[in-house]
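Everything below concerns the one structure shown next.
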Amino acid sequence: MLRIGCHLSSSKGYLSMGKEALEIKANTFQFFTRNPRGGNAKAINETDINRFLALAEEENITPILAHAPYTLNACSADPALRDFAKRTMTDDLNRLEYTPGNMYNFHPGSHVKQGVETGIAYIAEMLNSILTQEQHTTVLLETMAGKGSEVGGRFEELREILDRIELSQHMGVCLDTCHIWDGGYDIANHLDEVLTEFDQIIGLQRLKAIHLNDSMNPLGAHKDRHAKLGEGHIGLNTFKRIVNHPALKSLPFYLETPNDLEGYAREIQMMREASM
Ligand code: FE
Ligand code: FE
Ligand code: ZN
């Protein structure tokens with residue numbers, strides 16, 4: 001059965017997200033670990049988490065995907081910002097141990113004039129200083145649109161980061177359809193070729209999650225503006241093929257389209273009807 005959900009607001013806690021997921025017929029979801037622009041996370045509420053875990057078990061809501069704040073930049077030129085990224089991610093991973101067996105996705109970062117190689121080195125250095133043998137969360141690098149000096153707009157860059165990670169058994173990749181389209185990978189006309197390229201460069205066994213978004217911009221625009229499924233340049237047919245593709249169909253899919261809950265419910269239903 002198709003595993004699909006959307007991005008939900010974490011402001012009312014885990015149980016509330018679990019209930020919202022059920023309402024819109026989702027069996028997984030994504031949430032921000034804290035305000036997407038940064039700041040402190042709310043204190044852990046164990047009662048809320050335990051209720052959520054019971055609901056998730058009963059209703060088979062899994063896996064959940066936590067998303068790091070956008071402000072986290074592991075390869076900033078400013079050591080204070082790199083340190084902030086490291087402290088934030090460490091704190092997030094500690095908190096995620098309350099819901100073991102899940103995933104944590106982050107944007108690799110922007111190198112801002114330092115060059116992509118320096119960026120990659122900083123990102124790998126941070127991950128190596130944070131990951132532990134004992135952790136129960138898989139950390140995902142998100143494929144990016146290559147906007148500005150973003151690292152991760154090419155599969156090769158993600159591969160280079162992964163190659164430098166010591167505890168790489170805890171690492172994976174989250175593929176964002178809008179981002180790779182904006183990065184110049186033509187999934188609308190050459191889905192198989194793009195996936196073959198991903199497999200050759202990164203390895204499909206590293207692919208752990210898909211962000212399912214249409215794009216407001218044409219192929220290779222390097223913009224990163226999400227559209228509702230079927231209302232952008234990628235088109236609905238491609239999303240139908242993606243959720244049925246043998247290399248992808250067993251992965252969890254997350255909508256990050258500009259929608260309210262009702263809109264998400266419609267997109268989830270549409271994808272469920274399309275999936276065989
Ligand atoms: Fe993201
Ligand atoms: Fe995304
Ligand atoms: Zn995006």
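General observations
- 10 Å Cβ shell holding at most 15 others, DSSP loop, GluC sites (Glu not before Pro): longest site-free stretch of the chain: 1-96
- On the basis of the beta-carbon distance and an R0 of 30 Å, R225 and R272 show a calculated FRET efficiency of 0.70.
- Distance distribution P(r), region 3-275, all Cα-Cα pairs, bin width 10 angstrom from 0: 7, 31, 38, 22, 3 percent.
- nm² value of the averaged projected area, convex hull over the Cα atoms of region 123-249: 7.6 nm²
- With 10 Å bins beginning at zero, the pair-distance distribution over Cα atoms of region 117-178 amounts to 22, 55, 22, 2 %.
- Whole-angstrom gap from region 198-269 to region 30-94, using each part's C-alpha centre: 22 Å
- Qualifying lysines (Cα of each under 28 Å from Cα of K240; at least 8 residues distant if same chain): K19, K25, K147, K208, K223, K228, K249
- Under 5 Å, built H, 5+ apart or other chain: amide partners of I64: M103
- Under a Gaussian network description of the chain, with springs only between Cα atoms under 10 Å, the residue in D83, D260, D214 that fluctuates furthest is D260.
- Scaled to the globular estimate 2.2 N^0.38 Å, the Cα spread of region 1-146, given as radius of gyration, is 1.09.
Quick note: the coordinates plus some simple rules give every number you see, no bench work behind them. Just so it is clear, the structure is predicted and the values come from calculations on it, not from any experiment. When we count neighbours, we look across all protein chains shown, and the Cβ atoms used for this are built from the backbone with ideal geometry, even at glycine.
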